[in-house]
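The structure appears right after this line, and notes come after that.
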Amino acid sequence: MGEETGIINDPEKARFLVPRRVFTDHAVFEKEYEAIFNRCWLYLGHASELTAPGSFLTRTVSRRPILFTRDKDGEYNALFNACPHRGAMVCRERHGKSRAFMCMYHGWTFGSTGNLMSLPGQAGYAEGFKQDPQKQMVHVPRLDRRGDFFFISFNKDVEPLDEYLAEAGDYLDLVSEHSDTGMAVIGGTQEYSIRGNWKLLTENSFDGYHAACTHSTYLDYLKNANGALGATPLEGAGIDLGNGHAVIEYTAPWGRPVASWVPLWGEEGKVEIDKIYREVEARLGKQRAERLARMNRNMVIFPNLVVNDIMAITIRTFFPTAPDSMDVNAWTLAPREESEWLRKYRLFNFTEFLGPGGFATPDDVEAIEKCQRGYAANANNMYNDISKGMVRADAPSFDDEAQMRSFWIEWDRRLAMAEA
Ligand code: FES
Ligand SMILES: [Fe+2]
């Protein structure tokens, strides 16, 4: 593969090797911004986070401050959150409702579409100054949505979003179909940092191989928490979704609010889970309902959007701040309407496993940070092994590493393309 990145992909010998340098090298880190984050579609937010005209949120995407608004017509706008006057961040709130954003520096005030509404001391400016296109807040070159998932791109020539998402688009649809009432982000944003390279979290997010080892405490705990584990075995497949996106889709013994029952939820719970299942089946048909309700999915949409639909649903993005550190944002997604007890179990499932203080995330963070520290040993000469399952390339298991190879092949291709 790309001489530049040094990845070795040798299907004949069933070997896939990633040089550790790509996790430590400053030049690679900068090249990733240029070749990947500045060119791909990147996740911005979920429609449920901007419920009404006038609502807004601010977020950092690929090192840029973004103001995401809904204007008075209900349309969505992604603006660079930087004042056309002297560049100060215009909106300093995390989220809220407002039709006007006043820059704190000199008081220029903008509407939800970024239009300059007013400025102090207008008499000091030439006629027509306020209407000058250069005095308006700047829109991010591209904004599009797949269902309720909004994406932006800083590359105006990027391919259409649906084309970019390839087969991953249908998986986003599937996660939106859990409820006929729609899905919503609940409980705000979780933010944390990891002292590790961002690609380690990409790999970890759909690594079906590590759970039994890294998360043995969680599995032991469930075994001992009367009825929290059903009899369903852990088994499934790794699936390439095109363009570097991939998913592992598998059955598992834990409960899913939509809709796999475990004895812990009691007989009453069973009645409700069955009812939910029947509704999903009537709406989507038997096959899709079976997948939606019984299968778990850990998906990565290239380069850094994770949607894990497991014992709860998490959306996660992360951007590198240096070769050995990243900032992570995570949200939980749930049906808009759900009974109180089921919502309670969902949130419990989420914080218990996926949250930053749960059983999984701290262990994953530790594994990632330990890898990063390990690379200090001899990063220049050593390779990570990503070859598990290459010997059964046509039917990769969920605990193989085919999904990671899909990511790496695209990562390599994009870096080589930027080089050319
Ligand atoms: S920098 Fe915003 S008004 Fe001057
Ligand atoms: Fe994990």
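The values are calculated or read from the model by the stated rules, or taken from the named source; none is laboratory data. The structure presented is a predicted model; accordingly, all values stated were derived computationally and were not measured. Positions of Cβ are backbone-derived with ideal geometry, glycine not excepted, and every protein chain shown enters the neighbour counts.
Here is how the numbers come out for the structure above:
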{"quantity": "Single condition ASP274 does not satisfy, out of (1) touching a helix residue (DSSP H, G or I) at 6+ places or on another chain (Cβ under 9 Å); (2) acidic (Asp, Glu); (3) touching a residue at least 12 places away in the same chain (Cβ under 8 Å)", "calculated": "(1)"}
{"quantity": "Qualifying positions in the stretch 207-260 - assigned to a strand (DSSP E or B) and either free of Cβ contacts under 8 Å to residues at least 60 places away in the same chain or within 16 Å of ligand 1 (Cβ to nearest atom) (or both)", "calculated": "LEU229, THR251, ARG256, SER260"}
{"quantity": "Residue that is touching a residue at least 60 places away in the same chain (Cβ under 8 Å) and farther than 30 Å from ALA334 by Cα, where the choices are GLU34, GLU30", "calculated": "GLU34"}
{"quantity": "The stretch 391-420 - residue that is within 21 Å of ALA212 (Cα to Cα) and hydrophobic (A, V, I, L, M, F, W, C) and, of those, surrounded by the fewest Cβ atoms within 10 Å (Cβ to Cβ)", "calculated": "ALA402"}
{"quantity": "Unique match (being closer than 24 Å to GLU410 by Cα and among the charged types (D, E, K, R)) among ARG278, ARG256, ARG297", "calculated": "ARG297"}
{"quantity": "Index of the failed condition, THR314 passing every other in (1) in contact (Cβ under 8 Å) with a residue 60 or more places away in the chain; (2) of a type outside the set (Lys, Arg); (3) under 28 Å from LEU264 (Cα atoms); (4) in a strand (DSSP E or B)", "calculated": "(1)"}
{"quantity": "Residue that is nearest to ligand 1 (Cβ to nearest atom) [pool: residues in the stretch 339-350 that are surrounded by fewer than 18 Cβ atoms within 10 Å (Cβ to Cβ) and either closer than 14 Å to ARG256 by Cα or touching a residue at least 40 places away in the same chain (Cβ under 8 Å) (or both)]", "calculated": "LEU347"}
{"quantity": "Yes/no for THR5 being within 30 Å of ALA402 (Cβ to Cβ) and either free of Cβ contacts under 8 Å to residues at least 24 places away in the same chain or of a type in the set (Ser, Thr, Tyr) (or both)", "calculated": "yes"}
{"quantity": "First in the stretch 351-374 and assigned by TED's automatic domain parsing to the domain that holds THR202, second anywhere and more than 16 Å from ligand 1 (Cβ to nearest atom) and of a type in the set (Asp, Glu), Cβ under 7 Å, 6 or more apart", "calculated": "GLY358/GLU352; PHE359/GLU352; GLN372/ASP324"}
{"quantity": "Among (1) closer than 28 Å to TRP331 by Cβ; (2) of a type in the set (Phe, Trp, Tyr); (3) surrounded by fewer than 14 Cβ atoms within 10 Å (Cβ to Cβ) - the single one PHE150 does not satisfy", "calculated": "(3)"}
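Listed here are the residues, each with its yes/no results for (1) under 24 Å from the mean Cα position of the chain (by Cα); (2) in contact (Cβ under 8 Å) with a residue 24 or more places away in the chain.
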position: PHE56; (1), (2): yes, yes
position: VAL61; (1), (2): yes, yes
position: ASP71; (1), (2): no, yes
position: GLY87; (1), (2): no, no
position: ARG92; (1), (2): yes, yes
position: GLY96; (1), (2): yes, yes
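Conditions (1) under 23 Å from the mean Cα position of the chain (by Cα); (2) modelled with pLDDT of 95 or more; (3) farther than 23 Å from CYS371 by Cα, marked per residue:
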residue	(1), (2), (3)
GLU290	no, yes, yes
ASN296	yes, yes, yes
LEU305	yes, yes, no
ASP309	yes, yes, yes
PHE318	yes, yes, no
PRO323	yes, yes, no
ASP327	yes, yes, no
ARG336	yes, yes, yes
SER339	no, no, yes
